[in-house]
Amino acid sequence: MSQEAFMRQALDLARANIHAGGRPFGAVLVYQGQVIARAVNQIHSTQDPTAHAELQAIRQAAQVLGRPRLDGAEIYASGHPCPMCLAAMHLCGIERAWFAYDNSEGEPYGLSTAAVYAQMARPPQQQSLTLRALKPVGEDGLYREWQQASQA
C-alpha cells in the first residue's frame with residue numbers, strides 16, 4: 001500500500017469522526033508496511049483530554065506488538081501532531097510521521113496548537129503551568145531502586 005493510501009485512510013477516519021460528533025483527527029500506524037492500528041480523536045466520547053488519534057493509535061499498536069517500543073513504525077495523521085503526541089512518538093520510537101493538514105489551516109477553525117508550542121518552548125520557570133522541583137527531605141534513590149529491580 002502506498003503512503004498516499006495510508007494517509008487517505010487517516011483522512012477517512014477523521015471525516016467519519018466528524019460525523020460521529022468528534023474532531024477532525026484520524027491516525028493510521030504502519031509497521032513493516034502493514035497497518036497495525038487505526039484510531040480517531042476520542043476526546044468527545046471519553047472525556048479524556050489525552051485521547052488524541054495519534055496516542056490512541058500508539059496505544060493500540062503497543063498492544064498488538066506486545067511491547068512499548070515501536071521502533072521503525074510510521075504514523076499517518078490527518079492533522080499536524082500536537083506537542084503531546086510528538087513527545088509520545090519520540091518516546092516510543094516512531095521513525096517518521098506524516099500529516100495532511102498543517103496547524104495554520106486549522107487556525108480559522110480554532111484547531112491551532114501554535115500557542116501550546118510557544119508555551120512549551122519556554123524555560124520551566126516561564127511557563128503558564130507551574131513546574132517546580134519538590135523532593136521531600138530524606139527522599140533518595142528512587143531511580144537507583146528502579147535500575148536494581150529491572151536488573152534483577
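The values are calculated or read from the model by the stated rules, or taken from the named source; none is laboratory data. From a predicted model like this one, the values you see are computed outputs, not experimental measurements. Virtual Cβ from ideal backbone geometry, glycine too; neighbours counted across all protein chains shown. Side chains are part of the model used for accessible areas, which takes the heavy atoms of the whole protein and leaves out ligands, DNA and RNA. Shrake-Rupley method; radii C 1.70, N 1.55, O 1.52, S 1.80 Å.
Scanning the range 17-57 for residues that are in contact with a strand residue (DSSP E or B) (Cβ under 7 Å, 6 or more places away or on another chain) and aliphatic (A, V, I, L, M) returns 27, 28, 29, 30, 35, 36, 37, 39, 40, 53, 57. Listed by position, the helices (runs of 4 or more DSSP H) contained in the range 1-72 that have at least 1 residues being without any contact (Cβ under 8 Å) to a residue 60 or more places away in the chain, of a type in the set (Val, Ile, Thr) and open to solvent by less than 60 Å² (accessible area, probe 1.4 Å) are 43-46, 53-65. Of the set (1) out of contact with any Asp or Glu (no Cβ under 7 Å at 6 or more places or on another chain); (2) without any contact (Cβ under 8 Å) to a residue 24 or more places away in the chain; (3) not aliphatic (A, V, I, L, M), all apply to residue 106 but (2). From the list 106, 79, the one residue that fits, being modelled with pLDDT under 95, on the phi < 0 side of the Ramachandran plot, surrounded by 12 or more Cβ atoms within 10 Å (Cβ to Cβ) and touching a helix residue (DSSP H, G or I) at 6+ places or on another chain (Cβ under 8 Å), is 79.
Every residue, every condition in (1) open to solvent by less than 100 Å² (accessible area, probe 1.4 Å); (2) closer than 25 Å to residue 5 by Cα, yes or no:
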site	(1), (2)
84	yes, no
90	no, yes
120	no, no
125	no, no
132	no, no
136	yes, no
139	yes, no
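Going by what's in this entry, would residue 114 be described as touching a residue at least 60 places away in the same chain (Cβ under 8 Å), surrounded by 11 or more Cβ atoms within 10 Å (Cβ to Cβ), out of contact with any Lys or Arg (no Cβ under 7 Å at 6 or more places or on another chain) and of a type in the set (Gly, Ala, Ser)? The answer is no for residue 114.
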